[in-house]
Amino acid sequence: MHGNAAVTQPEGPRQIGGSRKGCPNKNTKALKDMILGALSKAGGEKYLLEQSRTNPNGFLALVGKVLPMTVTGEGTGGSIVVEIVKFAGDEGSN
């Protein structure tokens, strides 16, 4: 270097490779399509309903993954009303 000239580096690490920002991940889409295809072949909503009864922990984990992060209701102050419905034959289960 000559004189008082300073060489500046851009802030942060230099990006090498990868895809453009906002570009959808093809592998994620392919995996989602396979999962939805398998769900359709297993019975779709009917299969999910059966899973809600026989495997409630797994079903509720799935529900937690697909619900929006922020949920507000239409009640006073954004309150949410939850209604629990017991199915016939569920009298002995908790």
Query raised in the report: Just wondering, is there one or more residues in segment 20-38 that are in contact with a Leu (Cβ under 8 Å, 6 or more places away or on another chain), surrounded by 10 or more Cβ atoms within 10 Å (Cβ to Cβ), hydrophobic (A, V, I, L, M, F, W, C) and over 17 Å from K86 (Cα atoms)?
Result: no
Query raised in the report: Looking at segment 48-78, which of the residues that are of a type in the set (S, T, Y) and at pLDDT below 95 is nearest to the chain's Cα centre (by Cα)?
Result: T70
Report task. Quick one: count up the residues across segment 40-62 that are under 23 Å from G89 (Cα atoms), in a helix (DSSP H, G or I) and not basic (K, R). Result -> 13
**Report entry** Single match in V85, V81 (criterion: at pLDDT below 80 and of a type in the set (A, V, I, L, M))
**Finding:** V81
Query raised in the report: Of the residues in segment 40-58, how many are farther than 16 Å from K86 by Cα and of a type outside the set (D, E)?
Result: 10
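The values are calculated or read from the model by the stated rules, or taken from the named source; none is laboratory data. Everything numeric in this text was worked out from a predicted model, so none of it was measured. All Cβ positions, even for glycine, are placed from backbone atoms using ideal geometry, and neighbour counts span all protein chains on display.
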